[in-house]
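Trainee: I have a structure here, written as structure tokens, and I will follow up with some questions on it.
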Amino acid sequence: MNSKLPNVGTTIFSVMTQLANEHNAINLSQGFPDFQCPDELMERVYFYMKQGKNQYAPMAGLPVLQQQIADKIDNLYQLQINAIDEVTITSGATEALFCAIHTVIKPGDEVIIFDPSYDSYEPAILLAGGKAVHLPLIAPDYHIDWEAVKKSVNERTRMIIINNPHNPTGSVLTEDDMLQLSIIVKVNDLFVLSDEVYEHIIFDRKFHQSVLRYPDLYQRCFAVFSFGKTYHVTGWKVGYCIAPPMLTSEFRKVHQFVTFDTATPLQYALADFMKSCPQHYLALPDFYQQKRDLFCRLLIDSKFTLIPSQGTFFQLLEYTAITTQDDVDFARALTINQKVASIPVSVFSMQPVREKYLRFCFAKDDATLVKAADILNQL
Ligand code: PMP
Ligand code: GLN
């Protein structure tokens, strides 16, 4: 058949996880924890299932969960939103990203994305009839070149997608970045899709620069979050989109025909747990920083070079001292021969990349990290 996505294959996350499983490798490729979520959270899910909360939830999400989210946003980012009109629960951040893109993008519209970019953005843009305009982040710290952004905006540009903290590079945006973004989108009347699924995984006492901290900017934004990252439950696929009422109303026109709603007992349980245990997400920066520091320390005498990640649960490792192979081949060989799986970073960029990096997920038990580092140290 005539494919709608002729250049899209199976996502690298499935490819590498499958390869890791086939070869019994330690899987530091796809980003998911190898430890459990808190018991209390699981117990609440079972509690609500037994209570009979097993039928459809409201299309926009359970009001108790919407309210918990609105309260959290007020506490963290000092933005007062209306829970019912501005919070939509989605089936993972992936659904929210897809719906936000389809809410705004019409055939011929352009969307600016930054490479390396998370792999779900471009296919969603293409399916909406739009075009992704790829701008490189500038290595080694992977910052945004705002002058290049200004030059790329034209009358077809409708949206800029940012991802902060950034997967796969671990870079984070600064207050100055947010001010530059605010000016560009205001002057050019653009929308922003802000992927903030790693909002709580940020290190070295840095401050997460959510778009929700900037009330004027927020008026043009869809901000997307994921319970999967925050509560160690990536397989539950529960996320949410925060947007002003007018944008939310249009967003829901799409969302209601993509999934309609999201698993009911999970929503009840998450609402309870958000209320009873705010310290869970407040402790996440330290929890993951300890893992980042451990992983980096373990590799100090290896042939890899690294700049410690500033956020996310990913660490890039540069490997030119080990091999001249390209990253896709090296990641495959490392999985099959040494039994450690990672993600080749070049697949997230449209232009060929000079840097040679693999991405490793450190959302793992310390023992798993030690075992993986032992192997990597022998290369
Ligand atoms: N955006 C980014 C940057 C991600 O890393 C992920 C990965 N999980 C998602 C979105 C998707 O989140 P979810 O699993 O909640 O769909
Ligand atoms: N976000 C995860 C990662 O970056 C993967 C999500 C997925 O497998 N679709 O590894």
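Trainee: Which of the residues belonging to segment 182-206 are within 16 Å of ligand 1 (Cβ to nearest atom), out of contact with any Leu (no Cβ under 7 Å at 6 or more places or on another chain) and part of a loop (DSSP other than H, G, I, E, B)?
Mentor: Those that are within 16 Å of ligand 1 (Cβ to nearest atom), out of contact with any Leu (no Cβ under 7 Å at 6 or more places or on another chain) and part of a loop (DSSP other than H, G, I, E, B): E196, V197, Y198, E199.
Trainee: Continuing with the same structure: Out of (1) of a type outside the set (V, I, T); (2) touching a His at 6+ places or on another chain (Cβ under 9 Å); (3) open to solvent by less than 40 Å² (accessible area, probe 1.4 Å), what's the single condition that is false for M59?
Mentor: M59 satisfies every listed condition except (3).
Trainee: Looking at (1) within 16 Å of ligand 2 (Cβ to nearest atom); (2) over 13 Å from the mean Cα position of the chain (by Cα); (3) open to solvent by 10 Å² or more (accessible area, probe 1.4 Å), find the lone condition where E95 falls short.
Mentor: (2)
Trainee: Starting from segment 173-187, keep only residues that are on the phi > 0 side of the Ramachandran plot, then list their pairs with residues that are surrounded by 14 or more Cβ atoms within 10 Å (Cβ to Cβ) and modelled with pLDDT of 95 or more whose Cβ atoms are within a distance under 6 Å, requiring at least 6 positions of separation or different chains.
Mentor: Between residues of segment 173-187 that are on the phi > 0 side of the Ramachandran plot and residues that are surrounded by 14 or more Cβ atoms within 10 Å (Cβ to Cβ) and modelled with pLDDT of 95 or more, there is no close pair.
Trainee: List the helices (runs of 4 or more DSSP H) that sit entirely inside segment 1-110 and contain at least 3 residues that are closer than 30 Å to L190 by Cβ.
Mentor: Output list reads 63-77, 83-86, 92-104.
Trainee: Another question about this same structure. State whether one or more residues within segment 280-302 are of a type outside the set (K, R) and more than 29 Å from A373 (Cα to Cα).
Mentor: So far as segment 280-302 goes, no, none of its residues is of a type outside the set (K, R) and more than 29 Å from A373 (Cα to Cα).
Trainee: For Q290, all conditions in the list (1) among the polar types (S, T, N, Q); (2) assigned to a helix (DSSP H, G or I); (3) more than 22 Å from L97 (Cα to Cα); (4) within 16 Å of ligand 1 (Cβ to nearest atom) hold save one; what is the number of the exception?
Mentor: With respect to (1) among the polar types (S, T, N, Q); (2) assigned to a helix (DSSP H, G or I); (3) more than 22 Å from L97 (Cα to Cα); (4) within 16 Å of ligand 1 (Cβ to nearest atom), Q290 is out only on (4).
Trainee: Further question on the same structure: Counting only residues that are among the polar types (S, T, N, Q), under 28 Å from T169 (Cβ atoms) and open to solvent by 30 Å² or more (accessible area, probe 1.4 Å), how many does segment 1-35 have?
Mentor: Of the residues in that region, 7 qualify.
Trainee: Inspect segment 345-360 for any residue being of a type in the set (D, E) and under 28 Å from G228 (Cβ atoms) and give the result as yes or no.
Mentor: no
Trainee: For T169, are the conditions met, namely being over 30 Å from D286 (Cβ atoms), at pLDDT 95 or above and of a type in the set (S, T, Y)?
Mentor: Spelling it out, it is not the case that T169 is over 30 Å from D286 (Cβ atoms), at pLDDT 95 or above and of a type in the set (S, T, Y).
Trainee: Another question, if that's okay. Return the total of residues in segment 356-379 being in contact with a strand residue (DSSP E or B) (Cβ under 7 Å, 6 or more places away or on another chain), in contact (Cβ under 8 Å) with a residue 40 or more places away in the chain and surrounded by fewer than 23 Cβ atoms within 10 Å (Cβ to Cβ).
Mentor: 3
Trainee: Could you tell me which numbered condition E122 fails, if it satisfies all but one of (1) charged (D, E, K, R); (2) away from ligand 2 (no atom under 15 Å from the Cβ); (3) touching a strand residue (DSSP E or B) at 6+ places or on another chain (Cβ under 6 Å)?
Mentor: So the condition that E122 fails would be (2).
Trainee: In this structure, does G235 turn out to be within 16 Å of ligand 2 (Cβ to nearest atom), in contact (Cβ under 8 Å) with a residue 24 or more places away in the chain, among the small types (G, A, S) and open to solvent by less than 10 Å² (accessible area, probe 1.4 Å)?
Mentor: No; evaluated as a whole, the condition is false for this residue.
Trainee: Inside segment 147-171, can you point out the residues that are more than 16 Å from ligand 2 (Cβ to nearest atom) and either touching a Cys at 6+ places or on another chain (Cβ under 8 Å) or more than 16 Å from L217 (Cα to Cα) (or both)?
Mentor: Correct list: E147, A148, V149, K150, K151, S152, V153, N154, E155, R156, T157.
Trainee: Does any residue of segment 208-220 turn out to be under 17 Å from A243 (Cβ atoms), within 16 Å of ligand 1 (Cβ to nearest atom) and under 18 Å from the mean Cα position of the chain (by Cα)?
Mentor: yes
Trainee: Also, quick follow-up: Is it true that some residue in segment 246-258 is under 23 Å from Q80 (Cβ atoms) and touching a Pro at 6+ places or on another chain (Cβ under 9 Å)?
Mentor: no
Trainee: Something else now. Regarding F32, is this residue farther than 22 Å from F225 by Cα and in contact (Cβ under 8 Å) with a residue 40 or more places away in the chain?
Mentor: It is false that F32 is farther than 22 Å from F225 by Cα and in contact (Cβ under 8 Å) with a residue 40 or more places away in the chain.
Trainee: Also, quick follow-up: I need the full set of residues from segment 62-92 which are open to solvent by less than 40 Å² (accessible area, probe 1.4 Å) and of a type in the set (V, I, T), in order please.
Mentor: I69, I73, I81, V87, T88, I89, T90
Trainee: Filter segment 293-322 down to residues that are within 15 Å of T169 (Cβ to Cβ), open to solvent by 50 Å² or more (accessible area, probe 1.4 Å) and of a type in the set (A, V, I, L, M, F, W, C), then give me how many there are.
Mentor: Count: 2.
Trainee: Now, a different point. Among Q290, Q279, Q325, which is the only one that is closer than 17 Å to P33 by Cα, open to solvent by 10 Å² or more (accessible area, probe 1.4 Å), out of contact with any Gly (no Cβ under 7 Å at 6 or more places or on another chain) and free of Cβ contacts under 8 Å to residues at least 24 places away in the same chain?
Mentor: One residue alone meets the criteria, Q290.
The values are calculated or read from the model by the stated rules, or taken from the named source; none is laboratory data. Quantities reported herein were computed from a predicted structural model and do not represent experimental measurements. Using ideal geometry, Cβ is built from the backbone for each residue, glycine included, and neighbour counts are taken over all protein chains shown. Ligands, DNA and RNA are stripped out before the accessible areas are found, and what is left, the full protein with its side chains, is counted by its heavy atoms. Shrake-Rupley method; radii C 1.70, N 1.55, O 1.52, S 1.80 Å.
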